[in-house]
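A.B. asks: Structure below; questions to follow.
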Amino acid sequence: MTSHTLLQASANAAQEMPFEDFIRKIPKAELHMHLEGSIEPEMMLALAARNNIALRWRDAQALRNAYTFVNLEDFLALYFECCKVLVTEQDFHDITKGYLQRCATDNVIHAEMFIGPQTFLQQGVDIDTLMRGVLSAMRDAQRESGVHSGLIISVHRHRSEADALAVLDCIEPWRDQVAGIGMGGPEVGNPPSRFARFFAECRRRGYMTTVHAGEEGPAEYVRQSIELLRPDRIDHGVSAIHDPDLMRLLRERNIPLTLCPLSNVRLNVVASMADHPLRRMLDEGLFVTVNSDNPPYFGGYVNENLIAAQQGLQLDVEAIVQLAKNSLQALFIRDSTKSRYLQKLSQFVALRNVAPS
Ligand code: ADE
Ligand code: ZN
């Protein structure tokens, strides 16, 4: 076939598809999702029953009705309460498998997932139980549905730096199977400066790092994170929109921000989706990505986040393609794999026309 007829053939093959279908089908990565925040209410009740743990909700609907939050702290109280249902290796395996099955359906080709071991160590779960359960499900998902994944070990900013450093020792046997280290928890009153030694130690041990900053905290916490912790990514970072110099710094250093629009709406970080800074950040050339944070709690996985953002902010097809591209480029993986993923994305885009909505 000549190149002309090849082009003709591919143009003929271009499928017209509704914008929402395009968003659901485009190959993408997810970079900000907490495994302990991914448990659907039905699974939560099943885990509680099999481990003989009492929950305060009679059924899945009653639990779902509890998913209304005034702020991050309010959400974290429920999130930590629900962590008590995770006890055995099988539990950690099942929640990881559940999320990665959803990735396969949603065309998430690579997911980087957080888990925070401090919660479970405190509950008496040993680190082997947690790591074996999660890692075996990751291997199974890759073999069975072709979904690739990485694990990010997250520490809590409301605990001490010494406690965070102890986590690094705990996970030492799995150093080669850990994609990176992160930090979350209640932000206000827990500034990044408390963890400078910890992040330096993560780097010394060769880990990629990321940190929640500028979710409820001020732009100053994002700046402090960049200067004192030197992370490879920032989780959230929405408050940077209030500081033009900081926006310039983020662009110059090309630091990815893992935005979570539905989370921000549900935790009243923004007043509504129309007020979310995602669109302005994208227009200013920042390296932004869209993610789900804790999907059942906030009403959606990555595709629902993309669709809600597209509708609330009138994002066009180019913006969605840019977001998918950014998600693949921001992964903590080798460049050769990124190139392969980006090629897959280009092939998808070349073969689709989006129907005007
Ligand atoms: N842990 C789980 N979700 C979080 C969030 N949105 N912010 C901080 N810590 C978290
Ligand atoms: Zn988060």
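The values are calculated or read from the model by the stated rules, or taken from the named source; none is laboratory data. Because the structure is a prediction, the values reported are computed rather than measured. Cβ placement follows ideal geometry from the backbone for every residue including glycine, while neighbour counts extend to all protein chains displayed. Quick note on the areas: whole protein, heavy atoms, side chains included, nothing else; ligands and nucleic acids left out. Shrake-Rupley method; radii C 1.70, N 1.55, O 1.52, S 1.80 Å.
A.B. asks: Mind counting the residues in the range 249-262 that are open to solvent by less than 20 Å² (accessible area, probe 1.4 Å) and either outside any loop (DSSP other than H, G, I, E, B) or more than 15 Å from ligand 2 (Cβ to nearest atom) (or both)?
C.D. replies: 6
A.B. asks: Check the range 123-145 and report whether any residue there is buried (at least 17 other Cβ atoms within 10 Å of the Cβ) and more than 26 Å from N51 (Cβ to Cβ).
C.D. replies: Checked the range 123-145: no residue is buried (at least 17 other Cβ atoms within 10 Å of the Cβ) and more than 26 Å from N51 (Cβ to Cβ).
Conditions (1) more than 16 Å from ligand 1 (Cβ to nearest atom); (2) farther than 17 Å from Q118 by Cα, marked per residue:
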| residue | (1), (2) |
| --- | --- |
| V155 | no, no |
| R159 | no, no |
| V238 | no, yes |
| L246 | yes, yes |
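A.B. asks: In the range 315-334, how many residues are in contact with a strand residue (DSSP E or B) (Cβ under 8 Å, 6 or more places away or on another chain), among the small types (G, A, S) and assigned to a helix (DSSP H, G or I)?
C.D. replies: 2
A.B. asks: Another question about this same structure. What are the pairs, 6+ residues apart or on separate chains, where a residue within the range 199-211 that is basic (K, R) has its Cβ under 7 Å from a residue that is open to solvent by less than 40 Å² (accessible area, probe 1.4 Å)?
C.D. replies: These pairs meet every condition: R203/T209; R205/L168.
A.B. asks: Moving on to the next point. Yes or no: the range 44-66 includes at least one residue that is closer than 24 Å to D235 by Cβ, among the hydrophobic types (A, V, I, L, M, F, W, C), outside any helix (DSSP H, G or I) and open to solvent by 10 Å² or more (accessible area, probe 1.4 Å).
C.D. replies: Looking through the range 44-66, none of the residues is closer than 24 Å to D235 by Cβ, among the hydrophobic types (A, V, I, L, M, F, W, C), outside any helix (DSSP H, G or I) and open to solvent by 10 Å² or more (accessible area, probe 1.4 Å).
A.B. asks: Okay, next question. Kindly evaluate A111 against the criterion of being over 22 Å from G214 (Cβ atoms) and within 16 Å of ligand 1 (Cβ to nearest atom).
C.D. replies: In short, yes.
A.B. asks: Report yes if some residue within the range 230-239 is of a type outside the set (K, R), more than 27 Å from I333 (Cβ to Cβ) and in contact (Cβ under 8 Å) with a residue 12 or more places away in the chain; otherwise report no.
C.D. replies: yes
So that you can scan it fast, the table gives a plain yes or no per residue for (1) within 16 Å of ligand 2 (Cβ to nearest atom); (2) buried (at least 22 other Cβ atoms within 10 Å of the Cβ); (3) of a type in the set (A, V, I, L, M); (4) assigned to a loop (DSSP other than H, G, I, E, B):
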| position | (1), (2), (3), (4) |
| --- | --- |
| F69 | yes, no, no, yes |
| Y79 | yes, no, no, no |
| C83 | yes, no, no, no |
| V87 | no, no, yes, yes |
| Q90 | no, no, no, no |
| H93 | no, no, no, no |
| G98 | no, no, no, no |
| R102 | no, no, no, no |
| E112 | yes, yes, no, no |
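A.B. asks: Does M138 qualify as being in contact with a Ser or Thr (Cβ under 6 Å, 6 or more places away or on another chain) and in a helix (DSSP H, G or I)?
C.D. replies: yes
A.B. asks: Right, M17: modelled with pLDDT under 95 and open to solvent by less than 80 Å² (accessible area, probe 1.4 Å) or not?
C.D. replies: Here the answer is yes, as M17 does meet what is asked.
A.B. asks: Inside the range 231-289, can you point out the residues that are hydroxyl-bearing (S, T, Y) and under 24 Å from R203 (Cβ atoms)?
C.D. replies: Residues satisfying the conditions are T258, T289.
A.B. asks: I've got another one for you. Applying the selection to the range 345-354, what residues are surrounded by 12 or more Cβ atoms within 10 Å (Cβ to Cβ) and either in contact with a strand residue (DSSP E or B) (Cβ under 7 Å, 6 or more places away or on another chain) or among the small types (G, A, S) (or both)?
C.D. replies: S346, L351, R352, N353, V354
A.B. asks: Sticking with this structure for a sec: Which condition from (1) closer than 25 Å to L328 by Cβ; (2) of a type in the set (A, V, I, L, M); (3) in contact (Cβ under 8 Å) with a residue 40 or more places away in the chain is the one that I127 breaks?
C.D. replies: That leaves (1) as the condition not met.
A.B. asks: Quick check on E73: is it within 16 Å of ligand 1 (Cβ to nearest atom), open to solvent by 30 Å² or more (accessible area, probe 1.4 Å) and touching a residue at least 40 places away in the same chain (Cβ under 8 Å)?
C.D. replies: yes
A.B. asks: Which count do you get for residues in the range 193-221 that are within 13 Å of ligand 1 (Cβ to nearest atom) and either touching a helix residue (DSSP H, G or I) at 6+ places or on another chain (Cβ under 8 Å) or over 29 Å from V269 (Cα atoms) (or both)?
C.D. replies: Here the count works out to 7.
A.B. asks: Tell me the residue from Q347, Q322, Q314 that is over 30 Å from A271 (Cβ atoms) and either out of contact with any Lys or Arg (no Cβ under 8 Å at 6 or more places or on another chain) or not acidic (D, E) (or both), please.
C.D. replies: Q347
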